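Undergrad: One structure is given below, represented as C-alpha cells, and several questions about it will come after.
The values are calculated or read from the model by the stated rules, or taken from the named source; none is laboratory data. Just so it is clear, the model here is predicted, and its values are computed rather than measured. Positions of Cβ are generated from backbone atoms using ideal geometry, with glycine treated the same way; all protein chains shown enter the neighbour counts. Heads up: the accessible areas ignore ligands, DNA and RNA and are worked out on the full protein's heavy atoms, side chains in. Shrake-Rupley method; radii C 1.70, N 1.55, O 1.52, S 1.80 Å.
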Amino acid sequence: MAATPPSFSPSRTTCASLLRELQMIWDEIGESDNDRDNMLLQLEQECLDIYHRRVEETRMHKADMYQWLADAEAQAANLVSSLGESTVLPRGKGSLKQQIATIRPVLEDLRSKKDERIKEFLKIKSQISQICDEIAGCGQYKSVTDSDVNQSDLSSKKLGELKSHLQELQNEKILRQQKVKSHISTISELTEVMSIDFMKTLNEIHPSLDDSLKGTLQSISNDTLARLTGVIHSLKREKQQRLQKMQELAKLLVELWDLMETPTEEQKEFSHVTRLISASTDEVSTRGCLSSEVIEQVEGEVQRLNVVKASKMKDLVFKRQNELEEIYRGVHMDVDSESARQILTSLIESGNVDLSDLLQNMDGQIRQAKEQALSRRDILDRTEKWKFAAEEEKWLDEYERDENRYSAVRGAHKNLKRAEKARILVSKIPSIVENLTARVKAWEMEKGIPFLYEKIPLLHSLDEYIVQRRLREEEKRKHREQKRLQEQAAVEQEALFGSRSATKKPLCQSNNANTIAGTPTGRRLLTPSGRHGTSGGKERRESGRVNPIIPVNYVALPKDDSVSRGN
C-alpha cells in the first residue's frame, strides 16, 4: 500500500511542495515521463498566463489611477477656474497612491465650495426670477433649477453681479410699491371727494390691491401701474368736470340770489357750494363735496329759483331801470324815465321778449352807464369845483359892494375869512375853466358826443360863463372908474368948501342902504337886526346936521395942503 502523502498546511503550501506532491501522485499513477513533461509544460504555461493576467490587471489599475489622477487634477483646475479661486493645486510627489491621497481632499473641498456657490446662485436667481415675474405680472412664479445656473462661471465676481442686479430689482420693487401706495392714496382722495366706491374701484384694477386680503402680495406689474395711472387720470378728469359743473351751478345760484335779493340765512345752506366758485381742482378736498347727490341737490335748487325768478322778473326789470336812472342822475346825465318805463312795460306785457335776456341787456346798459359815469367823474368833479368857485365869486362880488362889510356886527369876522378864501379861489377860476374846457373837448373828441350837464352842453355853459364873467369884469372896471371920478369930484368939492369930517355919512345913505347893497346872504348870514340897527343909529346921529349936496359914495378925505394951494 502506497504511503499517504503528508498533508500541508495551506499557509505553508508552496509551489515546490505542490510539485513534490504532484510527483508522488504521478509515481503512484505511473505517468510516463513524456506525459509528465507535457503536464509540467502545461502547468508552467498556466502559471505564466496567470502572471500575465495579473500583470495586465495591475497595469490597467495603474493606468486607471493615472487617469483618475489626471481627471482629478483637471476637475480641480476647472473648479478653481469656475469658482474664481486663487488656490494653488499641489504638485504630484511620491507614488500614485500618495499623489491621489494628496489631491483628493483638495478636490472634495472644491466640490463642496461649488455646491455651496451653486446654492447661492440658485437662491439669488430665484429671487431675481420672482421679482421679474412680479414686475411682468405673471400669475405663477417660475422655479429655478441647477440647469439655470452657468456652472462654468461661479466666481465671486459673477455672484456679486447677480447680487447687484438683485439689489437693483429690489429697489425697483420698492419704488413700484411706493408708486402703488401713492396711486392708491390718490384714488382714495379722489373717490372720497366724489363719493365713489373706493374698494370697488381697486378691485376692478387688481384684486391684490385690497388691503383686507392678508398674505397676498400687491401687484406691482407694469399693467397694474398703467391701470392705476389710467384710473387716476379718469378720476381727475371726472373731478374737473364735476367741479366745472358745480362752479357753473354755484354762479347761477349767486346770480339768482342777487337778482331776487335772497336773505343771507337762506344762502348759508349752499355755502359749501359757493365756496367752490374760485377753487382750483387741487384745492377741492372736502369729503363728498362733488358727489352726484350734491350736484343733483344744487341743480334742483337752481331749477326752483328759476321758477321763482320767472314770477319776480318784472320787479327785477324795473329795479334794474331804477338802478340805471340812479347812475345817470348821479353823473348829471339826461334820462327820460317815463318813456323808458313805458317801453319796458310794453315789452313785458307783449310776452315777445325773454325776461332773462332783457335783464342781461339791462345789466349791459348798467355796465355801460357805470363806465360812462366813470369816464365823466373827473370832469364832473372839476365842474363842481368850477360851480363852487363861481358861487364864491358871486358872493364875493356882493360882499365887496357892501359898504358896511367892515362894521363891527356879529359874524363880520367870519365873512372876512370867507372873503380871503374866496379871493384865492376866484383867482384860480381862469385856470380851472381853461383846464375843464380842455378836458371836456378831449372827452367829446374821444366819445364823439357832446358832454351834457343837466341837459345842456357843458362847453356851452362854460362859454356863457366866460362871456358873463367878462361882462362883470367890464362892469366892475366901469364902476371902479366911476367911483374914481366921484372921489376926484369929492376932493375938488373939499378944496372949494373946506375940510369935512372923515366919518361924515354920505347923503345918499338911508334906512334901506343895507337892504339894497348889504352884505350877501350866502352860506353865512348876518342878522338883519344887527345891520338895520347899525344903519339906523347912524341916521339918527346925522339927522340934525345940515349937509351940502355931496355925490353918492362920498368919502371924506384929509385936506391936502398942496391941493388947496394949487386950487
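Undergrad: Search the structure for amide H atoms under 5 Å from the amide H of residue 453, placed 1.01 Å from N in the peptide plane, and list their residues when 5 or more places away or on another chain.
TA: 458
Undergrad: In Å², what does the accessible area per residue of region 25-65 work out to with a 1.4 Å probe? Spell out each step's value before the answer.
TA: On the way: 3520 Å² over 41 residues.
Per-residue accessible area for region 25-65 comes out at 86 Å².
Undergrad: In addition: Once phi is turned into ³J(HN,Hα) by the Karplus curve 6.51 cos²θ - 1.76 cosθ + 1.60 with θ = phi - 60°, what whole-Hz value does each residue of region 14-24 show in order, with x for glycine and proline?
TA: Values per residue, Gly and Pro as x: 10, 5, 5, 5, 5, 5, 5, 5, 5, 5, 5 Hz.
Undergrad: Rounded, prolate or oblate: which one fits region 10-52, using the alpha carbon gyration tensor with axes a ≥ b ≥ c (rounded when a/c is under 1.5, else prolate when a/b beats b/c, else oblate)?
TA: Details: a/c = 3.79, a/b = 1.19, b/c = 3.18.
It is oblate, given that a/c is not under 1.5 and a/b is not larger than b/c.
Undergrad: What aspartates and glutamates sit close enough to residue 268 to cross-link, taking a C-alpha to C-alpha distance under 17 Å and skipping anything fewer than 8 places away on the same chain?
TA: Reachable aspartates and glutamates: 255, 258, 299, 301.
Undergrad: Can I ask one more? Give me the one-decimal nm value for the distance between modelled label points at residue 35 and residue 49, 7 Å along each residue's Cα-to-Cβ direction.
TA: If labels sit at residue 35 and residue 49, their model points lie 2.1 nm apart.
Undergrad: Further question: Measuring from label point to label point, each 7 Å out along Cα→Cβ, what is the residue 237 to residue 398 span in nm?
TA: 8.0
Undergrad: Using protein chains only and a probe of 1.4 angstrom, how many square angstrom of residue 165 are accessible, to the nearest 10?
TA: 80
Undergrad: What trypsin sites (Lys or Arg not before Pro) does region 19-97 have in DSSP loop regions with at most 10 other beta carbons within 10 Å?
TA: Answer in residue order: 91, 93.
Undergrad: For region 352-483, what number of Lys pairs, 8 or more residues apart or on separate chains, have alpha-carbon atoms under 18 Å from each other?
TA: Value for region 352-483: 17.
Undergrad: Applying the Karplus parametrisation 6.51 cos²θ - 1.76 cosθ + 1.60 with θ = phi - 60° to the phi angles of region 473-482, what ³J(HN,Hα) value in whole Hz is obtained for each residue in order, glycine and proline being reported as x?
TA: Calculated HN-Hα couplings, in order: 4, 5, 5, 4, 5, 5, 5, 5, 5, 4 Hz.
Undergrad: Accessible area per residue of region 180-303 at 1.4 Å probe, in Å²?
TA: On the way: 7070 Å² over 124 residues.
Result: 57 Å² of accessible area for each residue.
Undergrad: Can you compute the modelled spin-label distance between residue 56 and residue 111, with each label point 7 Å from Cα toward Cβ, in nm?
TA: Computed distance between label sites residue 56 and residue 111 equals 3.2 nm.
Undergrad: Give the distance, in whole Å, between the Cα centre of region 375-390 and the Cα centre of region 235-298.
TA: Here the answer is 46 Å between Cα centres.
Undergrad: Using Cα positions and a limit of under 13 Å, work out the aspartates and glutamates in reach of residue 236, with same-chain residues fewer than 8 apart set aside.
TA: 189, 192, 282, 283
Undergrad: Can you bin region 188-285 into rounded, prolate or oblate? Criterion: square roots of the alpha carbon gyration tensor eigenvalues sorted a ≥ b ≥ c, rounded for a/c under 1.5, prolate for a/b above b/c, oblate for the rest.
TA: Working: a/c = 4.74, a/b = 2.89, b/c = 1.64.
Prolate.
Undergrad: Let me ask something additional. Using just the Cα positions, wrap region 152-195 in a convex hull and report its mean projected area in square nanometres, one decimal place.
TA: Numbers: hull surface 13.6 nm².
About 3.4 nm², averaged over all directions.
Undergrad: I need the shape label for region 31-133. Rule: rounded when a/c is under 1.5, else prolate if a/b > b/c, else oblate, with a, b, c from the alpha carbon gyration tensor. Walk me through the numbers before you get to the answer.
TA: Values: a/c = 7.08, a/b = 3.27, b/c = 2.16.
Judged from the Cα gyration tensor, region 31-133 comes out prolate (a/c at least 1.5, a/b above b/c).
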